[in-house]
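Following: one structure in structure tokens, then a few remarks.
The values are calculated or read from the model by the stated rules, or taken from the named source; none is laboratory data. Because the structure is a prediction, the values reported are computed rather than measured. Don't worry about glycine lacking a Cβ; one is built from the backbone with ideal geometry, like all the others, and counts go over all protein chains shown. With ligands, DNA and RNA removed, areas are computed over all heavy atoms of the protein, side chains included. Shrake-Rupley method; radii C 1.70, N 1.55, O 1.52, S 1.80 Å.
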Amino acid sequence: MNTFPKGFMSCSINAGIKDNTLDFTILYSKVRASAAAMFTKNQFCGAPVVIGKQNAADGYLQAIAVNSKNANVATGDKGLKDAQKVTEAVAKELSIDSRDVLPSSTGVIGVPLPVEKILTSIPGLKNQLTENGLEQSAKAIMTTDTYPKFRTRKIGNVTISAMAKGSGMIEPNMATMLSYILTDAAIEPAQLQKMLKNAVDVSFNSVSVDGDTSTSDTVVAMANGLAGKVDLVEFEAVLTDLCIELAKEIARDGEGATKLVEVQVTGADDHVIAKKIGKSIINSPLVKTAIFGEDPNWGRIMSTIGNSEHQVNTGAVSVSFGDVYVFKNGAPAEDKRTELEEYLKTNEVLIKISLGDGQGSSTVWGCDLSYDYVKINGEYTT
């Protein structure tokens, strides 16, 4: 059995929001915990995001309440009131302050939350809390995900557990999908926020499935201190590694995806330009469909690089699939089509782009674009 962080408990149930699968989970700390959070920049953000921002603003939380199958987005004043009702009901059940509860919702947009089903399910949940249920929580937050995304790491006496969900509508901006990180390390809120932002920038903010920023994106970290102090440099390194692993899993599990695509950009003027160009590659429908079709049509990559809003020295550009160069120092490389076709049959594709001798670099992750993506999203509400 996994070792989970000390003092955290959880429970997961079916509240009947849409079907008979797990759709509601509570993550609870026995003591008030330092908290850090990042949220979507989508202006139609979900009602739970509005309340979550308010409740996390003081740097402390004690519980997170998440429902799947309904995003509670574009639901007006009623949506805000419903999210607040859930928050208050969870707080009452756990005998804690409602301002220490962060709500999250994910699922279909524009449909009123069946709040009575959730409120009816909350009484008695305190008795269902368990110290070994975090992997069940990772299942309860899923929507079109095909598998739960969960990781645990140890740093001496300290444990970090992290879960995420996300499969489509993935193009983060300040946060990602839904991700919850729990640790028993003693870390001050300001320090935790700084480390979380650093980790998110190179992980969740570096992944895209389809270029659409969700209305519900939330990433939250809670540190309850019950395992004592930790080396902060080591902690941030492990936290970052965990977030990168989960970000890659989200890309790998993109709706209808058959391949994980990693794009490494080097030689840019700065890392912001490198990331923008990397994102443009993994968001290009032409590049994504070529990778799905295992077609080494590298001209699509050149076209996308050339469309950058930043100046590119085309004579210094090199591009390779794995270690097979298709373009080197501004000119086509030796034709190795057979080798490229074999490489593209693998389920992980690495595209390396060098723009010259600048200091900027970035790694981003995405996936191919398959027939199933269209089918899944064409039938999402039906």
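Just a few scattered comments:
- Residue in the stretch 201-214 that is open to solvent by less than 40 Å² (accessible area, probe 1.4 Å), in a strand (DSSP E or B) and at pLDDT below 95 present: yes
- Residues of the stretch 85-107 include at least one that is without any contact (Cβ under 8 Å) to a residue 60 or more places away in the chain and at positive phi.
- Of the residues examined, ASP295 is not one that is among the acidic types (Asp, Glu), surrounded by 13 or more Cβ atoms within 10 Å (Cβ to Cβ) and in contact (Cβ under 8 Å) with a residue 60 or more places away in the chain.
- Residue within the stretch 241-253 that is surrounded by 22 or more Cβ atoms within 10 Å (Cβ to Cβ), modelled with pLDDT under 95 and not in a helix (DSSP H, G or I) present: yes
- Residue in the stretch 184-193 that is in contact with a helix residue (DSSP H, G or I) (Cβ under 8 Å, 6 or more places away or on another chain) and β-branched (Val, Ile, Thr) present: yes
- Condition broken by LYS279, with the remaining ones in (1) in a strand (DSSP E or B); (2) modelled with pLDDT under 95 satisfied: (1)
- Being closer than 18 Å to GLU135 by Cβ, basic (Lys, Arg) and either touching a strand residue (DSSP E or B) at 6+ places or on another chain (Cβ under 9 Å) or open to solvent by 60 Å² or more (accessible area, probe 1.4 Å) (or both) is a property that LYS6 has.
- Residues of the stretch 127-149 classified as in contact with a Leu (Cβ under 6 Å, 6 or more places away or on another chain) and open to solvent by 10 Å² or more (accessible area, probe 1.4 Å), total: 1
- Count of the stretch 308-349 residues, restricted to those that are loosely packed, with under 11 Cβ neighbours inside 10 Å and either within 27 Å of the chain's Cα centre (by Cα) or part of a loop (DSSP other than H, G, I, E, B) (or both), is 7.
- Exactly one residue among TYR60, TYR147 is under 17 Å from the mean Cα position of the chain (by Cα) and of a type in the set (Phe, Trp, Tyr), and that residue is TYR147.
- Options LYS279, LYS352: the member that is open to solvent by 60 Å² or more (accessible area, probe 1.4 Å), touching a strand residue (DSSP E or B) at 6+ places or on another chain (Cβ under 8 Å) and within 21 Å of SER208 (Cα to Cα): LYS352
- Positions within the stretch 215-237 being in contact with a strand residue (DSSP E or B) (Cβ under 9 Å, 6 or more places away or on another chain), open to solvent by less than 30 Å² (accessible area, probe 1.4 Å) and more than 13 Å from VAL200 (Cβ to Cβ), in sequence order: SER216, MET222, ALA223, ASN224, GLY225, ALA227, GLY228, VAL230, PHE235
- Members of the stretch 350-369 found to be within 21 Å of the chain's Cα centre (by Cα) and part of a loop (DSSP other than H, G, I, E, B), listed by number: ASP368, LEU369
- In the stretch 355-367, the residues that are under 20 Å from ASP253 (Cβ atoms) and open to solvent by less than 40 Å² (accessible area, probe 1.4 Å): VAL364, TRP365, GLY366, CYS367
- In summary, LYS69 fulfils each of the numbered conditions (1) over 18 Å from ALA164 (Cβ atoms); (2) at pLDDT below 95 with the single exception of condition (1).
- Residue that is surrounded by the fewest Cβ atoms within 10 Å (Cβ to Cβ) [pool: residues in the stretch 150-169 that are farther than 12 Å from ILE250 by Cβ and hydroxyl-bearing (Ser, Thr, Tyr)]: THR152
- Within the stretch 282-307, the only residue that satisfies the criterion of being assigned to a helix (DSSP H, G or I), farther than 18 Å from TYR325 by Cα, out of contact with any strand residue (DSSP E or B) (no Cβ under 9 Å at 6 or more places or on another chain) and among the polar types (S, T, N, Q) is THR289.
- For VAL312: the one exception among (1) modelled with pLDDT of 95 or more; (2) within 19 Å of THR266 (Cα to Cα): (1)
- Selection within the stretch 44-58 - part of a helix (DSSP H, G or I) and closer than 18 Å to THR106 by Cα: ALA47, PRO48, VAL49, VAL50, ILE51, GLY52, LYS53
- Residue within the stretch 109-120 that is over 14 Å from LEU178 (Cα atoms), open to solvent by 40 Å² or more (accessible area, probe 1.4 Å), assigned to a helix (DSSP H, G or I) and of a type in the set (Ser, Thr, Tyr) present: yes
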